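Down below is the structure, laid out as structure tokens.
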Amino acid sequence: MRYTLIGISLLLGFVFLSGCMHQVPVLSQQSEQSTHIEGVAEKPVEFVKLGTGVWMHTGYKVVPPWGNIRTNGLIIERGDYSVLVDTAWNDAQTAEIVAWAKDTLQKPIRASIHTHAHSDKMGGMDALHMLGVETFATDLTNRLAIERGLMPAKNVLNISEIGSQIEWEGLTILYPGGGHSEDNIVVNEGVNNILFGGCMIRPGMTTSLGNIDDANLGYWSKAVENAANAFPDSQIVIPSHGKPAGREILKNTAYIARPKLD
Ligand SMILES: [Zn+2]
């Protein structure tokens, strides 16, 4: 909670300094909807080094009845700046991530990409825009973001065919087809061979697909195989909602997501 308050005060401090109070970002729907669990405090934002110049950021949201639910993204160093993969749950947490890259890493975040249109990936877009980050998402993600009440990215990543890839800031972006959401993309960092699977890849050996409200249950398993086949050398796999793991979580997700015959 202490860190969240620091994040909010940083954000408000920025707004105050920039003298445009009318641009106070509306804290995301999610943070307003966060419901309270007696005795459970929201955990602070965490940063973990995954490899040379690659960091994982993790923000938490208290969701009854489960408690703190994590969401992971990446920070990748690029010379004297860094780039971001996904926001945290809300503006305050995302402002903390931006401040950490600037103050601790000494590599301010210049640009970001967002792996699909849900609040755990785009809940902090207003903070990024206020802090001068150039945001990128696919055309489909931006359209779905508007439909789902989220702020879209300012720039479009030109990728729409299943299996197509583009290079962006030294990273390889793949559209594997619809899975957790029709627009989910994955990001491969080829220096350390780290595959960021986002919400399309389920953590650990879970048997649950998590939130399937916007899922493509007919294609999810194939989409995971497409991502696994596109990056055969990547041995570290990052899901949104669990710990970094190996390629076994690709296999497990493809297995639990396979279409059910009824
Ligand atoms: Zn999602």
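The values are calculated or read from the model by the stated rules, or taken from the named source; none is laboratory data. Every value quoted in this text rests on a predicted model; they were computed, and no experiment measured them. Cβ placement follows ideal geometry from the backbone for every residue including glycine, while neighbour counts extend to all protein chains displayed.
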Answer yes or no as to whether Ala153 is away from the ligand (no atom under 12 Å from the Cβ), of a type in the set (A, V, I, L, M), touching a Leu at 6+ places or on another chain (Cβ under 7 Å) and modelled with pLDDT of 95 or more. no
Considering only residues that are in contact with a strand residue (DSSP E or B) (Cβ under 9 Å, 6 or more places away or on another chain) and among the hydrophobic types (A, V, I, L, M, F, W, C), which ones fall in region 107-129? Ile109, Ala111, Ile113, Ala117, Met122, Met125, Leu128
Could you name every one of the strands (runs of 3 or more DSSP E) located completely within region 172-262 that has at least 2 residues being within 14 Å of the ligand (Cβ to nearest atom)? 194-198
Out of everything in region 103-124 that is touching a Ser or Thr at 6+ places or on another chain (Cβ under 9 Å) and over 22 Å from Asn142 (Cβ atoms), what residue ends up being surrounded by the most Cβ atoms within 10 Å (Cβ to Cβ)? Lys107
In region 72-106, the residues that are out of contact with any strand residue (DSSP E or B) (no Cβ under 6 Å at 6 or more places or on another chain) and in a strand (DSSP E or B): Glu77, Arg78
Selection from region 135-152 of residues that are in contact (Cβ under 8 Å) with a residue 40 or more places away in the chain and loosely packed, with under 14 Cβ neighbours inside 10 Å: Gly149
Mind listing whichever residues of region 229-262 are among the acidic types (Asp, Glu) and farther than 25 Å from Asn68 by Cβ? Asp233, Asp262
